[in-house]
Amino acid sequence: MEQKKETGKKGLFGKFLNSIERTGNKLPHPATLFLLLAVIVVVISEIAFRSGLAVSFYDAKYKTEKTVEAVSMLNAEGLRFMLNSATTNFTGFHPLGTVLVAMLGVGIAEGTGLINASLKKLVLSTPPKLITAVVVFAGVMSNVASDAGYVVLVPLGAIVFVSMNRHPLAGIAAAFAGVSGGFSANLLIGTLDPLLSGITNEALVAGSIEASILPTSNYYFMFVSTFLITILGTWVTEKIVEPRLGEYKGSHNTEDSMLVSRDEKKGLKAAGIALAIFAGVMLFLTVPENAMLKVDGSLKEFTYNGLVPTIMLFFLVPGLAFGIAAKTVKSDKDVIGYMSKSMSTMGGYLVLCFFAAQFINYFSHTNLGIILAVKGAEFLKSIGFTGFPLIVTFILVAGFINLFIGSASAKWGIMAPIFVPMMYHLGFTPEFTQLAYRIGDSSTNIITPLMSYFAVIVVFAQKYDKDSGIGTLISTMVPYSMIFLLGWTILLGIWYLLGLPIGPGAFIGL
């Protein structure tokens with residue numbers, strides 16, 4: 001891939017990204033790297049424990065005062081923990097079940113030819129200039145379905161791009177930027193909104209402040225942010241990422257005719273009918289007041305536990321209908337074969353997940369991430385900034401802490417009791433403080449290996465470039481992270497200067 005190297009050398013910023021990629025890719029295999037990081041965490045935990053490192057804070061997520069000390073893993077208890085938890089760390093690794101279950105359905109849709117035929121339709125009906133924007137926008141909107149975008153849209157981004165003879169890694173980057181970098185933006189209220197607002201309200205109670213906020217408190221700003229992230233993500237993909245990657249010369253270049261065959265047209269029609277019936281059934285099961293999938297009138301349990309199997313069925317049902325109509329499914333053996341083929345491609349991912357799960361679990365068990373978050377919050381509180389410079393610094397600190405604690409709610413549970421009352425007494429509403437946190441949190445999701453789906457994205461990239469590693473992914477995503485952080489902060493500054501409402505009944509100042 002000589003062209004990629006030549007293109008990447010242009011400009012100081014290009015050299016900076018190349019240095020990140022070279023350094024990252026000189027590291028061992030990602031699985032080995034996670035193993036080494038786990039060992040480093042074990043060693044640091046002993047040093048932190050011996051130095052008596054500890055923090056005290058109010059955790060708004062769990063509504064309790066906490067004193068957290070560094071936990072050593074270089075003792076008998078630590079050794080027992082590492083051995084006894086190794087299996088459950090792996091089997092309980094959140095992305096593992098999500099990816100494998102969803103891939104059963106995706107395997108049917110891909111094996112029968114539904115995805116290929118659908119992409120032909122998409123490519124033929126969508127102006128080429130809009131493809132990148134469509135991929136990024138779809139990624140942002142997928143956040144309403146929690147983690148679905150990581151499993152579905154990121155690999156589809158690669159397929160869409162390679163079908164148009166564009167670099168598949170650029171497609172992965174565009175989709176990943178939308179799904180994860182734009183995690184807080186959406187045109188709809190998602191699962192994160194009530195989760196964060198609940199923590200903010202608890203922080204207000206802990207600070208003896210008689211106020212509360214609604215899940216819609218950031219809606220106006222996040223609605224506009226959807227278009228901002230789409231525009232910025234499209235620009236970064238086409239002006240920075242693709243030129244740097246150069247021409248794709250891998251074996252996945254599409255040589256197939258872009259014309260939709262007669263059998264494929266029949267299959268698409270059958271798949272459309274099947275999907276409409278499936279959607280109708282799901283609406284019946286979820287929308288009515290006494291719907292079967294609701295518990296006490298809420299879909300919370302379904303959202304957290306039933307959504308992934310639903311995603312599987314979302315692909316499996318139209319995939320089967322397509323296969324039967326297009327004659328790519330003749331018996332149940334074909335169906336199981338397509339599922340088995342999709343699972344067989346996940347071997348490397350399973351190995352990577354095992355070591356990634358150990359590292360992330362060790363980091364959590366030792367309390368190093370929590371200690372870093374509290375110390376960072378205390379530092380920001382102590383520097384004495386006021387006005388918008390304080391907000392900008394707060395965004396940067398939130399983004400930095402996000403590199404070490406992946407969960408948005410866990411970080412906010414620690415930071416909210418410190419910052420919500422502090423900002424309130426400086427004249428900022430709790431809604432605005434929460435909004436600033438969300439900007440910092442979302443912007444750096446795409447460059448931290450501690451984000452639980454990061455390992456998944458590395459595996460997706462290696463399907464098209466076996467030499468891709470953590471360095472490749474981070475260097476590809478750094479421009480998105482920087483531009484999103486800058487663009488979002490500028491938008492917030494404009495909002496701040498104009499004094500616009502950030503949500504229904506929610507403003508910047510008290």
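The values are calculated or read from the model by the stated rules, or taken from the named source; none is laboratory data. Computed from a prediction, not measured in an experiment: that's the story for all the values here. Here the Cβ positions follow ideal geometry from the backbone for every residue, glycine too, while neighbour counts run over all protein chains shown. Remember, those area values only see protein heavy atoms, side chains included, never the ligands or the DNA or RNA. Shrake-Rupley method; radii C 1.70, N 1.55, O 1.52, S 1.80 Å.
With a bin width of 10 angstrom, please list the P(r) values of the stretch 160-242 as percents of all Cα-Cα pairs, from the 0 bin to the one holding the largest distance.
Reading upward from the zero bin: 17, 34, 24, 16, 7, 2.
Starting from the Cα gyration tensor of the stretch 267-318, multiply each eigenvalue by 5, take the square root, and state the resulting semi-axes largest first in whole Å. Intermediate results must be reported in sequence, preceding the final value.
Numbers: eigenvalues 114, 32, 5 Å².
They are 24, 13, 5 Å, listed from largest to smallest.
Round to a whole number: what % of the accessible area of the chain belongs to carbon and sulfur, probe 1.4 Å?
On the way: 14920 of 22630 Å².
Result for the chain: 66 percent of the exposed heavy-atom area is carbon or sulfur.
What does the convex hull of the alpha-carbon atoms of the stretch 410-468 project to on average, in nm²? Present the calculation step by step, with values, prior to reporting the outcome.
Values: hull surface 19.2 nm².
Result: a mean projected hull area of 4.8 nm².
Using alpha carbons only, how many degrees (0 to 90, rounded to 10) separate the axis of helix 347-365 from the longest principal axis of the chain?
Between helix and principal axis, roughly 10 degrees.
Taking Cα atoms, how many degrees apart are the long axis of helix 12-26 and the longest axis of the chain, rounded to 10 and kept between 0 and 90?
80
Cut-off under 19 Å on the C-alpha distance; same-chain residues fewer than 8 positions from Lys333 excluded. Which lysines are left, in chain and number order?
Hits, sequence-local ones excluded: Lys341.
Let me have the relative contact order for the chain, percent, based on Cα pairs under 8 Å that are six or more residues apart. Don't jump to the answer; show the numbers that get you there.
Working: 795 pairs, mean separation 133.8, N = 510.
Result for the chain is 26 percent.
What is the magnitude of the charge dipole of the chain about its Cα centre, with +1 placed on the Cβ of each Lys and Arg, -1 on the Cβ of each Asp and Glu, and no other charges, expressed in debye to the nearest 20? Walk me through the numbers before you get to the answer.
Details: 35 positive and 30 negative charges, 242 e Å.
Dipole of the chain, to the nearest 20 debye: 1160 debye.
Can you work out ³J(HN,Hα) from phi for every residue in the stretch 199-216, in order, using Karplus 6.51 cos²θ - 1.76 cosθ + 1.60 and θ = phi - 60°, giving whole Hz and x for Gly and Pro?
Values per residue, Gly and Pro as x: 5, 4, 4, 5, 5, 5, 4, 4, x, 6, 10, 7, 7, 8, 10, 9, x, 8 Hz.
Per residue, how big is the convex hull of the stretch 70-196 when only Cα atoms are used? Give it in Å³.
Numbers: hull volume 19.7 nm³, N = 127.
Measuring per residue, one finds 155 Å³ for the Cα hull of the stretch 70-196.
Can you list the HN-Hα couplings for the stretch 289-294, worked out from phi with the Karplus curve (6.51, -1.76, 1.60; θ = phi - 60°), rounded to whole Hz and with x for Gly and Pro?
These are the phi-based 3J(HN,Hα) values: 4, 10, 4, 4, 8, 8 Hz.
Between Thr91 and Thr32, how many nm apart are label points set 7 Å from Cα along the C-beta direction?
Reported label-point gap for Thr91 and Thr32 is 3.0 nm.
Translational diffusion coefficient, Stokes-Einstein: compute it for the stretch 335-457 using the Kirkwood radius over C-alpha pairs as Rh, at 10 °C and 1.306 mPa s, and state it as an integer in µm² s⁻¹.
Working: Rh = 16.2 Å.
Reported coefficient: 98 µm²/s.
If you wrap a convex hull around the C-alpha atoms of the stretch 349-407 and split its volume per residue, what is the figure in Å³? Kindly include the intermediate steps, with their values, before the conclusion.
Working: hull volume 4.2 nm³, N = 59.
Roughly 72 Å³ of hull volume per residue.
With the cut-off at 26 Å, tell me which of the pairs Lys121/Lys327; Lys129/Lys466; Lys411/Lys463 have Cα atoms farther apart than that.
Working: Lys121/Lys327 19 Å; Lys129/Lys466 29 Å; Lys411/Lys463 33 Å.
Check vs 26 Å cut-off fails for Lys129/Lys466; Lys411/Lys463.
Using only the Cα atoms of the chain, what are the Rg and Dmax in Å?
Calculated on Cα positions, Rg and Dmax stand at 23.5, 72 Å.
Given the Cα atoms of the stretch 387-510, and with Rh set as the inverse mean 1/r over their pairs in the Kirkwood sense, what is Rg to Rh to two decimals? It would help to have the intermediate numbers written out before the result.
Working: Rg = 16.5 Å, Rh = 15.6 Å.
My calculation of the ratio gives 1.06.
Convert each backbone phi in the stretch 181-186 into a coupling constant with the Karplus relation 6.51 cos²θ - 1.76 cosθ + 1.60 (shift: θ = phi - 60°), then list the ³J(HN,Hα) values in order as whole Hz, x for Gly and Pro.
x, x, 4, 8, 7, 5
Just the accessible area per residue of the stretch 22-151, please: how many Å² with a 1.4 Å probe? Kindly include the intermediate steps, with their values, before the conclusion.
Numbers: 6420 Å² over 130 residues.
Per-residue accessible area for the stretch 22-151 comes out at 49 Å².
Any idea how far apart Lys330 and Leu122 come out in nm if each label point goes 7 Å out from Cα toward Cβ?
Placing both labels 7 Å along Cα→Cβ, they lie 3.0 nm apart.
For the stretch 407-510, with every protein chain kept in place, what is the accessible area per residue (1.4 Å probe, Å²)? Each step should come with its number before you reach the end.
Numbers: 2910 Å² over 104 residues.
Heavy-atom accessible area per residue stands at 28 Å².
Between Lys266 and Leu83, with labels modelled 7 Å along Cα→Cβ, what's the label distance in nm to one decimal, could you check?
Output for this residue pair reads 6.2 nm.
Based on the Cβ-Cβ distance of Thr67 and Leu403, what FRET efficiency does E = 1/(1 + (r/R0)^6) give at R0 = 30 Å, to the nearest 0.05? Write down the numbers at each step before the final one.
Values: r = 24 Å, r/R0 = 0.82.
The formula returns an efficiency of 0.75 here.
Work out, step by step, the length gained on full extension between Asn290 and Glu210: first 0.36 nm times the residue separation, then minus their alpha carbon distance; give nm to one decimal.
Working: separation 80, 0.36 × 80 = 28.80 nm, distance 3.45 nm.
25.3 nm is the gain from fully extending Asn290 to Glu210.
State which entries of Lys120/Lys300; Lys300/Lys375; Lys66/Lys381; Lys120/Lys239; Lys63/Lys375 exceed 28 angstrom in Cα-Cα distance in the structure shown. Don't skip to the answer; put the middle values down first.
Working: Lys120/Lys300 36 Å; Lys300/Lys375 33 Å; Lys66/Lys381 19 Å; Lys120/Lys239 25 Å; Lys63/Lys375 20 Å.
Beyond 28 Å between Cα atoms: Lys120/Lys300; Lys300/Lys375.
For Asp467 and Lys239, FRET efficiency with R0 = 35 Å and r from the beta-carbon atoms, rounded to 0.05? Mind showing how you got there, number by number?
Values: r = 24 Å, r/R0 = 0.70.
Once rounded, the FRET efficiency stands at 0.90.
Using the heavy atoms of the protein chains and a 1.4 angstrom probe, tell me the accessible area per residue for the stretch 335-375 in square angstrom. Each step should come with its number before you reach the end.
Working: 1650 Å² over 41 residues.
Roughly 40 Å² per residue, with all protein chains present.
Would you work out which of Gly323, Val295, Met312 lies farthest towards the positive end of the dipole of the stretch 217-361, given +1 charges on the beta-carbon of Lys and Arg and -1 on that of Asp and Glu, about the Cα centre?
Gly323
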